[in-house]
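A short write-up of the structure that comes next.
Values in this text are rule-based calculations from the coordinates and carry no lab data. As the structure is a prediction and not an experimental result, all values here were calculated from the model.
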Amino acid sequence: MKKLLIIISVLALIIVLPGCNKDKKPEGKKEAVLQFDSFDGGGPEYKIKVKDKSIVKYTCEKQYEKDDHEELDGAGFDIVYTFKGKKPGKTDIVVTGASPDNKNYRAAYTAKVDKKLNITIKLKRQ
């Protein structure tokens, strides 16, 4: 009976071990995205201010919702900011948006870049 119990215990251990990766941290992301909506002819225009530009860099892209956007009045689009880490550290990012109808937008974020240049961005306040 004792041998049977030991064999069952060893088998249970073998079954449990392969899927046990609790110590492994998930891999970070090499880029982070902030996305804001707008529209042609009066939608908000957004501006980014990065406190320490030596830590992060970004690109900006306008992505229209429809392929025939040039023929539409007030075509909707997204402004997509893609951030990448340049060196490890932490910096603040402020996004402001203004439109002719006085609907102003302001949000503060914190960007953190680790040693592997993975980046995370978290909203501080809106």
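Structure notes:
- Karplus-derived 3J(HN,Hα), 6.51/-1.76/1.60, for each residue of region 55-64, Hz, glycine and proline x: 9, 10, 10, 8, 10, 10, 9, 9, 10, 6
- Close amide H contacts of residue 64 (hydrogens built in the peptide plane, cut-off under 5 Å, sequence separation of 5 or more or a different chain): 78.
- Rh (Kirkwood; distinct C-alpha pairs) - region 71-115, Å: 13.5 Å
- Cα-Cα over 23 Å, subset of 62/116; 47/86; 62/84; 51/103: 62/116; 51/103
- Each residue of region 83-99 is assigned a 3J(HN,Hα), and the resulting list reads 9, 9, x, 9, 7, x, x, 9, 8, 9, 10, 10, 10, 10, x, 9, 9 Hz, derived from the Karplus form 6.51 cos²θ - 1.76 cosθ + 1.60 (θ = phi - 60°), x at Gly and Pro.
- Amide H within-cut-off set for residue 75, under 5 Å, with H built and near neighbours excluded: 40
- Reachable aspartates and glutamates, given that their alpha-carbon falls under 17 Å from the alpha-carbon of residue 30 and they are not under 8 places away in the same chain: 114
- Size of region 26-85: Rg and Dmax of its alpha carbons, in Å, are 14.3, 45.
- Amide H contacts of residue 31 (H built 1.01 Å from N, under 5 Å, at least 5 apart or other chain): 119
- Over region 39-126, the pair-distance histogram of Cα-Cα distances with 10 Å bins from zero comes to 16, 39, 28, 15, 2 percent, rounded to whole numbers.
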